[in-house]
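Participant: Quick one: the structure is below, and I'll ask about it shortly.
Readers should treat all values here as calculations from the given coordinates under stated rules, not as data from a laboratory. No experiment lies behind these values; they were computed from the predicted model shown. As a convention, Cβ positions derive from the backbone with ideal geometry for all residues, glycine included, and neighbour counts pool all protein chains shown.
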Amino acid sequence: MKRTIENVESQFEMFQIINEDGEIVNQEAMPNLSDEELKELMHRMVYTRILDQRSIALNRQGRLGFYAPTAGQEASQLGSQFALEKDDFILPGYRDVPQLIWHGLPLYQAFLFSRGHFHGNQMPEGVNALSPQIIIGAQITQAAGVALGMKKRGKKAVAITYTGDGGTSQGDFYEGMNFAGAYQAPAIFVVQNNRFAISVPVEKQTAAQTLAQKAVAAGIEGIQVDGMDVLAVYAATKDARERGINGEGPTLIETLTYRYGPHTMAGDDPTRYRTDDLDNEWEKKDPLVRFRKFLEGKGLWSEDEENKVIDQAKEEIKAAIKKADEQPKQKVTDLISYMYEELPSNLKEQMEEYKEKESK
Amino acid sequence: MREITYLEAVREAMSQEMRENKDVFILGEDIGVYGGAFGVTRGMIEEFGPERVRNTPISESAIAGTAIGAALTGMRPILELQFSDFITISMDQIVNQAAKLRYMYGGKGKVPMVLRTPAGSGTGAAAQHSQSLEAWMTHIPGLKVVQPSTAYDVKGLLKAAMDDDNPVIFYEHKLLYKTKGDVPEEQYSIPLGKADIKREGTDVTIVATAIMVHKALEAAAELDKEGISIEVVDPRTLVPLDTDTIVESVKKTSRLVVVHEAVKRGGYGGEIASAIAESDAFDYLDAPIKRVGGKAVPIPYNPELEKAAVPQVPDIIEAVKETLNKRITTHA
């Protein structure tokens, strides 16, 4: 009898292009990006790191609501988004606000989403994305549907959805991959394995040695990527996208990454389940540090340039918060009017009631 | 007019719409050459092909999630769940996703999908394939819930459901599939939220849903022989509910019996009774409102016990008579 489970993970060796010291270790896989594009990637990562720091501060001041910190995951988030075109459709999880912003969601709307203001979820025309999903894994079956819709309409575009390691334990994760596989729909499933589902380490979530190997059961392509290496994430996503639009089916991308901060700002204290040693080990892999070294080696980046990005980010964040503050307050009548295309009679009654109250 | 079955009316409504609108497609288990668990989609894959009559894996959560994803990108999916009991498996997608997206997106997203599914007992399908769980769906703001009782209604209501930009849960009753009625050949729409008076009468109002409409009509015919005049009101859609028609009927008859196959406790009959208690019609009541519903048991496999678990014509007749014999007395 042949045993199959041993060494499955050996097929899923981590794909890396630049190492922790910023050196190219896989020249063959180097994506064909111009100097400007390389700098743009760095720009976005620095900007997003500042946005994360400011968002945490704003949350502590009571000026933002729900917030899931992103520091540590910039390469996974932004490297994958950078491989997309405008027509591609993003179905994010709740930590994936940066991808939405770089896909076209104005910053002030991202802040409104955090505050639970409906305008934060009103995607501008031409921004192909859903709002961040809160139910773990629910976006994954929907991604299969979006991809199917694109295929039916003959669009050369993909649906890309994000979840964490925790999301891979949901039935929806398998169902979504299996569906997309059965229809060879152009979907990309990105699993940002940041090692913890809130407090439960990935080793306690599954007996699988890698999360990428979960693609095998669905019969789709799976790859494990160094999620701290922005070029590796970019290259893997670009490849998945091309295969998707060429009718070669969906891909599961597992990115190995780490969130430096708490799960969310709603009272999580990671010191209860993570050690300093582990934090230090991952901080050495930091995506910004290694990419900065890589760019400096090519003479493409300097402290001056970095400071310019930081200043720009701070200015824009300030302006966006101001704009968010200026948004009209939500009214009960607004909320009622968004329930159905046409108001049913019971809501018409409620509408009249609140119109009167709001007019006073 | 031409007579066809309820089942044929469902199929015709879908086929005509699919010829008109390329964005409409069906997905579900075994809906291709097999024709669906009850044969509703038989012949459709031959006309529309496997991309528009899409067989799915046994994966209810993904069927619903995929329909939502497709709907969000402008398609108009119809999903068929083989048995309405399986809504339980797709519950997150229906309740937390489809029902809420329009609201959460500030009106800038819509989920125009129809979830068609056969419900009810009477086929010997036992505890996990025979339930009437529609009250759950009526509790969720953002959904519309339809329960057609005749071939004519099912065609017109399905057209309205397919045209609707909100998610619609469309319950077809298994035992009604073979019932026949006059159905126009052309497309027509019956607005969601419009009740239908299936029989006019003056002594007692019976509000009945789905197959219970027919049992109520049988009971009314029996009672007519005894000189008791029954008005039978079929709400047709539970959400939105046409409260006005029910209120007007009760004002006329002053007596109300509510009948559904679903378990009485927590059933939609409670909502109808409450709507009357809150309305002008309350003052007109000459007797307490009577609810007739299924027993609080799983549906048995044994055919005799299966019948005993849900209301039958004699139960309705008895309830009407109790209502007529009871009077609301004013205590001094």
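Participant: Only Cα pairs within less than 10 Å get springs; with that Gaussian network setup on chain B, which residue of B:Ser84, B:Ser229, B:Ser149 has the largest fluctuation?
Facilitator: Between B:Ser84, B:Ser229, B:Ser149, it is B:Ser229 that shows the largest mean-square fluctuation.
Participant: Of all the Cα-Cα pairs you can form in the protein assembly as shown, what percent are over 47 Å apart?
Facilitator: 28 percent
Participant: Under a 5 Å amide H to amide H cut-off, with H placed in plane at 1.01 Å, what residues pair with B:Val53 once short-range neighbours are removed?
Facilitator: Amide H neighbours of B:Val53, under 5 Å, 5+ apart: B:Ile26.
Participant: While we're here: For A:Lys357, which aspartates and glutamates qualify as cross-link partners when the Cα separation must be under 20 Å and same-chain residues fewer than eight apart are set aside?
Facilitator: The qualifying aspartates and glutamates are A:Asp334, A:Glu349.
Participant: Here is a further query. Near B:Lys100, which aspartates and glutamates are there with a Cα under 14 Å away, not counting those fewer than 8 places off in the same chain?
Facilitator: A:Glu341, B:Asp92, B:Asp165
Participant: Taking θ = phi - 60°, what integer Hz values does the Karplus form 6.51 cos²θ - 1.76 cosθ + 1.60 yield along segment A:47-53, in sequence order, with x for Gly and Pro?
Facilitator: Calculated HN-Hα couplings, in order: 4, 5, 5, 5, 4, 5, 4 Hz.
Participant: So for segment B:239-279, considering every pair of alpha-carbon atoms, how many percent are separated by more than 11 Å?
Facilitator: Percentage above 11 Å: 66.
Participant: Another question about this same structure. Quick one: helix A:171-182 against the long Cα principal axis of chain A, what's the angle to the nearest 10°, folded into 0 to 90?
Facilitator: 70 degrees
Participant: Provide the FRET efficiency to the nearest 0.05 for the B:Gln128-B:Glu20 pair, computing r from the beta carbons and using R0 = 41 Å. Can you show the working numbers first?
Facilitator: Details: r = 37 Å, r/R0 = 0.90.
My answer for the efficiency is 0.65.
Participant: Number of Lys-Lys pairs in segment B:196-325 under 13 Å by Cα, sequence gap 8 or more or different chains?
Facilitator: Lysine pairs satisfying the spacing and distance rule in segment B:196-325 number 6.
Participant: With the Cα gyration tensor of segment B:61-190 giving a ≥ b ≥ c as the square roots of its eigenvalues, does the rule (a/c under 1.5 for rounded; else a/b larger than b/c for prolate; else oblate) give rounded, prolate or oblate?
Facilitator: It is oblate, given that a/c is not under 1.5 and a/b is not larger than b/c.
Participant: Another question, then. Can you give me the Cα centroid spacing of segment A:127-174 and segment B:220-291 in angstrom?
Facilitator: Measuring centre to centre over Cα atoms gives 45 Å.
Participant: How much length is gained if the chain between A:Lys86 and A:Lys308 is pulled fully straight, taking 0.36 nm per residue apart and subtracting their Cα-Cα distance, in nm to one decimal?
Facilitator: 77.2 nm
Participant: Once you average over the residues of B:230-242, how many Cβ atoms of partner chains fall within 10 Å of each Cβ? Mind showing how you got there, number by number?
Facilitator: Values: counts 0, 0, 0, 0, 0, 0, 0, 1, 0, 3, 8, 3, 1.
So the per-residue partner count for this stretch is 1.
Participant: Here is a further query. Just need the Rg to Rh number for segment B:159-281, please, alpha carbons only, Kirkwood Rh. Don't jump to the answer; show the numbers that get you there.
Facilitator: Numbers: Rg = 15.0 Å, Rh = 15.5 Å.
Here Rg/Rh amounts to 0.97.
Participant: Test of understanding: in a Gaussian network model of chain B with alpha carbons linked when under 10 Å, which of B:Val95, B:Val250, B:Val292 would top the mean-square fluctuation ranking?
Facilitator: B:Val95
Participant: For the protein assembly as shown, build the charge dipole from Cβ charges (+1 Lys, Arg; -1 Asp, Glu) around the Cα centre, then report which of B:Val313, A:Ile140, A:Thr4 sits farthest towards its positive end.
Facilitator: Most positive-ward Cα: B:Val313.
Participant: Oh, and also: If the chain between A:Asp277 and A:Glu353 were fully stretched, how many nm would it gain, using 0.36 nm times the residue separation less the Cα-Cα distance?
Facilitator: Here the segment from A:Asp277 to A:Glu353 would lengthen by 21.5 nm.
Participant: So, in nm, how far is label A:Arg60 from label B:Asp224 when the simple model puts each one 7 Å beyond its Cα toward the Cβ?
Facilitator: Simple spin-label model gives 7.8 nm for this pair.
Participant: If you don't mind, there's one more thing I want to ask. Which loop trypsin sites (Lys or Arg not before Pro) in segment B:140-197, with loop taken from DSSP, have no more than 14 other Cβ atoms within 10 angstrom of their Cβ?
Facilitator: B:Lys178
Participant: Normalised by the empirical 2.2 N^0.38 Å for globular proteins, what value does the Cα Rg of chain A take?
Facilitator: 1.03
Participant: Tell me the Rg and the Dmax, in Å, that the Cα atoms of segment A:1-146 produce.
Facilitator: Considering segment A:1-146 through its Cα atoms, Rg and Dmax are 18.2, 62 Å.
Participant: A further question follows. Largest first and in whole Å, what are the equivalent-ellipsoid semi-axes of segment A:314-360 based on the Cα gyration tensor, each being the root of 5 times an eigenvalue?
Facilitator: The three semi-axes for segment A:314-360 are 32, 13, 4 Å.
Participant: PRE reach from A:Val127 (point 7 Å along Cα→Cβ): which of segment B:79-112 fall under 18 Å by backbone N?
Facilitator: Of the residues in segment B:79-112, B:101-110 have backbone N under 18 Å from the label point off A:Val127.
Participant: Another question about this same structure. Taking a spot 7 Å from the Cα of A:Thr206 along the direction of its beta carbon, which residues of segment A:224-250 have an amide N less than 15 Å from it?
Facilitator: Counting only backbone N, you get A:224-225.
Participant: Within segment A:82-126, whose backbone N sits under 15 Å from a point 7 Å along Cα→Cβ of A:Gln330?
Facilitator: Taking a point 7 Å out along Cα→Cβ of A:Gln330, the residues of segment A:82-126 whose backbone N falls under 15 Å are A:109-123.
Participant: Once the mean 1/r over all distinct Cα pairs of chain B is inverted, what Kirkwood radius in angstroms do you read off?
Facilitator: 20.3 Å
Participant: A further question on this structure: Within straight cross-link reach of A:Lys314, meaning Cα distance under 14 Å, which aspartates and glutamates are found once same-chain residues fewer than 8 apart are removed?
Facilitator: A:Asp52, A:Glu306
Participant: Another one. Would you mind finding the longest exposed-site-free stretch of chain B, with exposed GluC sites (Glu not before Pro) meaning DSSP loop and at most 13 other Cβ atoms within 10 Å?
Facilitator: On the way: sites that count: B:Glu51, B:Glu185, B:Glu186, B:Glu200, B:Glu226, B:Glu278.
Answer from the scan: B:52-184.
Participant: For peptide B:94-107, compute the average count of partner chain beta-carbon atoms within 10 Å of each residue's beta-carbon.
Facilitator: Values: counts 0, 1, 4, 7, 1, 1, 1, 4, 4, 8, 9, 9, 14, 10.
That works out to 5 on average.
Participant: Right, something else. Sum -39500 (n - 2.57) across every DSSP H segment of at least 4 residues in the protein assembly as shown, then divide by the residue count to get the 222 nm mean residue ellipticity, nearest 500.
Facilitator: -12000 deg cm²/dmol
Participant: Mind listing which chymotrypsin sites (Phe, Trp or Tyr not before Pro) in segment B:262-332 are in a DSSP loop and have 16 or fewer other Cβ atoms within 10 Å?
Facilitator: Sites meeting the loop and neighbour criteria: B:Tyr301.
Participant: Can you list residues whose amide H is under 5 Å from B:Val292's amide H, if they're 5+ apart or on another chain and H is modeled 1.01 Å from N?
Facilitator: B:Val258, B:Val259, B:His260
Participant: Can you give me the long-range amide H partners of A:Arg195? Hydrogens built in the peptide plane at 1.01 Å from N, cutoff under 5 Å, separation of 5 or more residues or another chain.
Facilitator: Counting only residues 5 or more places away or on other chains, the set is A:Asp165, A:Thr257.
Participant: Using each residue's phi in segment A:24-40, evaluate 6.51 cos²θ - 1.76 cosθ + 1.60 at θ = phi - 60° and report the 3J(HN,Hα) Karplus result to the nearest Hz, with x for Gly and Pro.
Facilitator: The phi angles translate into 6, 10, 9, 4, 4, 8, 3, x, 8, 10, 6, 4, 4, 5, 4, 5, 4 Hz.
Participant: Loop-only check: which GluC sites (Glu not before Pro) in segment A:113-209 are DSSP coil with at most 15 other Cβ within 10 angstrom?
Facilitator: The qualifying sites are A:Glu125.
Participant: Further question on the same structure: Could you size up the charge dipole of segment B:40-150 around its Cα centre, putting +1 on the beta carbon of Lys and Arg and -1 on that of Asp and Glu, and report it in debye to the nearest 20?
Facilitator: Working: 10 positive and 8 negative charges, 100 e Å.
So the magnitude is around 480 debye.
Participant: Going by Cα centres, segment A:81-99 and segment B:49-106 are how many Å apart?
Facilitator: Measuring centre to centre over Cα atoms gives 22 Å.
Participant: Still on this structure: Averaged over peptide A:147-159, how many Cβ atoms belonging to another chain are found within 10 Å of each residue's Cβ?
Facilitator: Whole-number average of other-chain Cβ neighbours for A:147-159 is 4.
Participant: Kindly write out, for segment B:296-307 in residue order, the coupling ³J(HN,Hα) from the Karplus curve 6.51 cos²θ - 1.76 cosθ + 1.60 (θ = phi - 60°), rounded to whole Hz, with x marking Gly and Pro.
Facilitator: So the J values, rounded to whole Hz, are 7, 9, x, 5, x, 7, 4, x, 5, 5, 4, 5.
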